[in-house]
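Read the structure below first, then the notes.
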Amino acid sequence: MCTHTYTLIYEGKSKRVYVKNRDELILEFKDEVTARDGALRSFIRGKGIINARVSAYFFSVLNKKGIDTHFLDYDGARKMAVKKLRMLPLEVIVRNYAYGSQLKRIPLLKPLQELNPPIVEFHYKDDSLHDPLIIVDDIINSGIATHEELNFIIKTSLRINDILREVFSEAKLKLIDFKIEFGRDRDNKLILADEISGDTFRVLDDNGKHLDKEVFRRTGDPKLLIDAYIRLCEKLGIKVDDIDFHG
Ligand SMILES: Nc1ncnc2c1ncn2[C@@H]1O[C@H](COP(=O)(O)OP(=O)(O)OP(=O)(O)O)[C@@H](O)[C@H]1O
Ligand SMILES: [Mg+2]
């Protein structure tokens, strides 16, 4: 999966996107980490490989459980081949415990208060607007998705939450919340896309320690983040001993 033969079509904060062929893209996970809308930025050797590997792991689990995902292949390092989709400009957030922007929005909730049933929340994906919360009628009226499609996304997101919670609980980790994205394939079918990694979910170990990007948001320290990501992989049984974190 050598990317120099492919055309780069997009570079975001965490991934580069290349065209592989008419139906497939390559996602290349970068070693950069950013937080607070790009105000905190750092380079962490090995982070791209870890996030690609964690994503490949979760997409494989979800595929086996019958969720349609974009995942096709993983090169063992930082690249993933995926189905090319037309992405919805939405971030779908599933919350099991109150945290982060939800607490800012509604401070009456207590930090880590259990949300039972879990909440599915939509944000309009636009960096210049800071990905604002968007209500269902806005999504429908603006033509982003239909009512039926949103029902499908909510149902699928909750099913994904159940599957992820089970995997994490076997690893003695508590899933606080996560962000996912969906896109449409050629037949307009909605498919789970993007990534599932410590950059996009929050998990706590049994000492209440974060094994996710929150470590970087709070400390700005890339070394502490990579240590947390290595521990995350160890807990999930994902191999990291072949990754060069220093060289
Ligand atoms: N299967 C797919 N088909 C088409 N685009 C995809 C697919 N999976 C993910 N993407 C898109 O590829 C891009 C990945 O880049 P990246 O995540 O770095 O940037 P971003 O989400 O635009 O911005 P941010 O830096 O805030 O994450 C995203 O725009 C994402 O929506
Ligand atoms: Mg992104």
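The values are calculated or read from the model by the stated rules, or taken from the named source; none is laboratory data. Predicted model only: the values in this text are computed from it and were never measured. Here the Cβ is made from the backbone with ideal geometry for all residues, glycine too, and neighbour counts use every protein chain on show. Surface areas here come from the heavy atoms of the whole protein model, side chains and all, with no ligands, DNA or RNA. Shrake-Rupley method; radii C 1.70, N 1.55, O 1.52, S 1.80 Å.
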**Asked** Out of the stretch 227-244, which residues are in contact with a helix residue (DSSP H, G or I) (Cβ under 6 Å, 6 or more places away or on another chain) and either in a loop (DSSP other than H, G, I, E, B) or over 22 Å from Leu164 (Cβ atoms) (or both)?
**Response** Ile238, Val240, Ile243
**Complete:** In the stretch 77-101, residues that are without any contact (Cβ under 8 Å) to a residue 40 or more places away in the chain and either open to solvent by 20 Å² or more (accessible area, probe 1.4 Å) or within 20 Å of Asp127 (Cβ to Cβ) (or both) total 2
**Fill in**
Note on Thr5: of the conditions (1) open to solvent by 20 Å² or more (accessible area, probe 1.4 Å); (2) polar (S, T, N, Q); (3) more than 13 Å from ligand 1 (Cβ to nearest atom); (4) within 27 Å of Leu173 (Cβ to Cβ), unmet is (4)
**Request:** Search the stretch 135-172 for residues being outside any helix (DSSP H, G or I) and farther than 20 Å from Asn63 by Cα, and hand back the single one that is farthest from ligand 1 (Cβ to nearest atom).
**Result:** Lys172
**Asked** So which strands (runs of 3 or more DSSP E) are wholly in the stretch 8-110 and hold at least 2 residues that are near ligand 1 (Cβ under 10 Å from one of its atoms) and at pLDDT 95 or above?
**Response** 15-19, 24-29, 71-74, 79-83, 90-97
**Asked** Counting just the residues of the stretch 39-48 that are in contact (Cβ under 8 Å) with a residue 40 or more places away in the chain and under 17 Å from Thr219 (Cβ atoms), which one comes out most open to solvent (accessible area, probe 1.4 Å)?
**Response** Phe43
**Request:** Looking only at the stretch 173-186, decide whether some residue is open to solvent by 20 Å² or more (accessible area, probe 1.4 Å) and more than 16 Å from ligand 1 (Cβ to nearest atom).
**Result:** yes
**Request:** Would you mind stating whether Arg36 is open to solvent by 30 Å² or more (accessible area, probe 1.4 Å) and touching a residue at least 60 places away in the same chain (Cβ under 8 Å)?
**Result:** yes
**Request:** Return the residue satisfying two criteria in turn: it lies in the stretch 191-226 and is part of a helix (DSSP H, G or I) and β-branched (Val, Ile, Thr), and of such residues it is farthest from Leu27 (Cα to Cα).
**Result:** Thr219
**Request:** Could you tell me whether the stretch 8-23 includes any residue that is touching a helix residue (DSSP H, G or I) at 6+ places or on another chain (Cβ under 9 Å), β-branched (Val, Ile, Thr) and either more than 28 Å from Asp187 (Cβ to Cβ) or away from ligand 2 (no atom under 13 Å from the Cβ) (or both)?
**Result:** no
